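Presented below is the structure to which this report refers.
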Amino acid sequence: MRRICLCLILSCGALSLSANAVDVLPAHLVGTWGTGSSLYDGVDKQTEIYLLPDGFGMAAGSSEPARRADALDGGKPGARAIIGFPVRAVLDGETLSVRVVLPKNQPATKDVNAALSCRYERTGEKLTCTGPDGVPVTMTRRSVSVSDEIVRTIDQVRAQQY
């Protein structure tokens, strides 16, 4: 009887350890990061990254708002082009590598191995990422969590990977 209880206790401990083993990102990197308050903020293009503890996430970007050449928009911001794609992040020392995730059986493009290389700055909770073009983009942590809508999208991508 003692042996059975001991096995059950050890099994429960192993389950909790294995549940935490899937978390590949530390808590200070998990959440929502952005160059502005939203993809629609201001007159510049914006970038956002949403990261979950297991490293899966989404990256999104928006163009500058369109401007009418005839100025008949009354000063209102124009539409923006917005694109988003699934990513997988891995922390290696102090460097966070963020790569595009393709669905299973999706043909790869030549840039599929391109990654963002990011550094975390504790002061002001900033994430500075540099892409293949070499231009740094600094994002501020907007939230320690990710919206339910983004989590559902990430779950759909994760399901296609396994």
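Each value in this text was obtained by applying a stated rule to the coordinates, not by laboratory testing. In this text, all values refer to a predicted model and were calculated from it rather than measured experimentally. Neighbour counts run over all protein chains shown; Cβ positions are idealised from the backbone, glycine included.
The calculated FRET efficiency for Lys45 paired with Ala159, based on their beta-carbon distance and R0 = 30 Å, is about 0.45.
Residues Val24, Val135, Val144, arranged from fewest to most other Cβ atoms within 10 angstrom of their Cβ, appear as Val135, Val144, Val24.
In terms of surrounding Cβ atoms within a 10 Å radius of their Cβ, Phe85, Phe56 rank from fewest to most as Phe85, Phe56. Using R0 = 25 Å, the C-beta based FRET efficiency linking Phe85 and Asp23 works out to 0.65. For the Cα trace of region 44-162, dividing Rg by the Kirkwood Rh returns an Rg/Rh value of 1.02.
Charge tally around Glu48: other residues with Cβ under 12 Å, Lys/Arg +1 each, Asp/Glu -1 each, net +2.
Sorting Cys129, Cys118 from the fewest to the most surrounding beta carbons within 10 angstrom yields Cys129, Cys118. Between Arg122 and Ala69, the modelled labels are 5.3 nm apart [label points 7 Å from Cα along Cα→Cβ].
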